[in-house]
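The values are calculated or read from the model by the stated rules, or taken from the named source; none is laboratory data. Predicted, not measured: the structure shown is a model, and the values here were computed from it. A quick note on method: Cβ atoms are made from the backbone with ideal geometry, for glycine too, and the neighbour counts reach across all protein chains shown.
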Amino acid sequence: MSPKAAVIAVDHGSKKTGFASTDALRTAQWPLDCWHGPGDSEELIDHIYELAEERSAGTVLVGLPLNMDSTEGGRAKEVRGFIERLQARLVDAAVIPWDERLTTREAEDLLHQAGFHGEDMKARRDSWSALVLLRDWLESGEPS
């Protein structure tokens, strides 16, 4: 894994999963199209693998849904299982869980500021949540 390679962020959902990416120099970040389908499917793992290959990603961040007191509930355990399966498939990339608390709220604020409302906002929310996740990780110094 190259220390400077593209990064993909994943806002994992049970029915829809959002994505964001950065370039190899990590100077630009942008939301990508959402994937619609079951969050536990092999097709989702295949889709992320293809995104990582297409973008030469060395890191895949996966939002970990923690409780407000930092404990893990049932949903976090599901996501950890997904992360294990994803890491087994992405042998050349680091798969890093990252706290996603409040990313959806921040994404909604950003979408409002950008002029999106209603169905337009709803359609973009998951990928913009992944964008917030990615930005937070970059701003924190990219810890493993």
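List of remarks:
- The condition of being free of Cβ contacts under 8 Å to residues at least 24 places away in the same chain, within 21 Å of E139 (Cα to Cα), part of a helix (DSSP H, G or I) and more than 12 Å from the chain's Cα centre (by Cα) holds for only one of L25, L110, that being L110.
- So L61, is it within 22 Å of E142 (Cα to Cα) and in a strand (DSSP E or B): yes
- Residues that are surrounded by fewer than 15 Cβ atoms within 10 Å (Cβ to Cβ) and either of a type in the set (A, V, I, L, M, F, W, C) or in contact with a Pro (Cβ under 7 Å, 6 or more places away or on another chain) (or both) within region 16-54 comprise A24, L25, A28, W30, listed in sequence order.
- Test: residue in region 36-52 that is closer than 16 Å to V10 by Cα, of a type in the set (A, V, I, L, M, F, W, C), assigned to a strand (DSSP E or B) and touching a residue at least 40 places away in the same chain (Cβ under 8 Å): no
- Residues of region 64-103 that are β-branched (V, I, T) and under 18 Å from D40 (Cα atoms): V79, I83, V95, I96.
- Subset of region 59-79 (residues that are surrounded by 13 or more Cβ atoms within 10 Å (Cβ to Cβ) and not β-branched (V, I, T)): L61, G63, L64, P65, L66, E72, R75, A76, E78
- Within region 87-107, the set of residues being among the aliphatic types (A, V, I, L, M), assigned to a loop (DSSP other than H, G, I, E, B) and in contact (Cβ under 8 Å) with a residue 60 or more places away in the chain comprises A93 only.
- Among the residues of region 100-134, just one is at pLDDT 95 or above and either surrounded by fewer than 19 Cβ atoms within 10 Å (Cβ to Cβ) or β-branched (V, I, T) (or both), namely V132.
- Among (1) touching a Lys or Arg at 6+ places or on another chain (Cβ under 8 Å); (2) under 14 Å from T17 (Cβ atoms), the one test that R125 misses: (1)
- Residues of region 2-22 satisfying the condition of being of a type outside the set (A, V, I, L, M, F, W, C) and part of a strand (DSSP E or B): D11, K16, T17, G18, S21, T22
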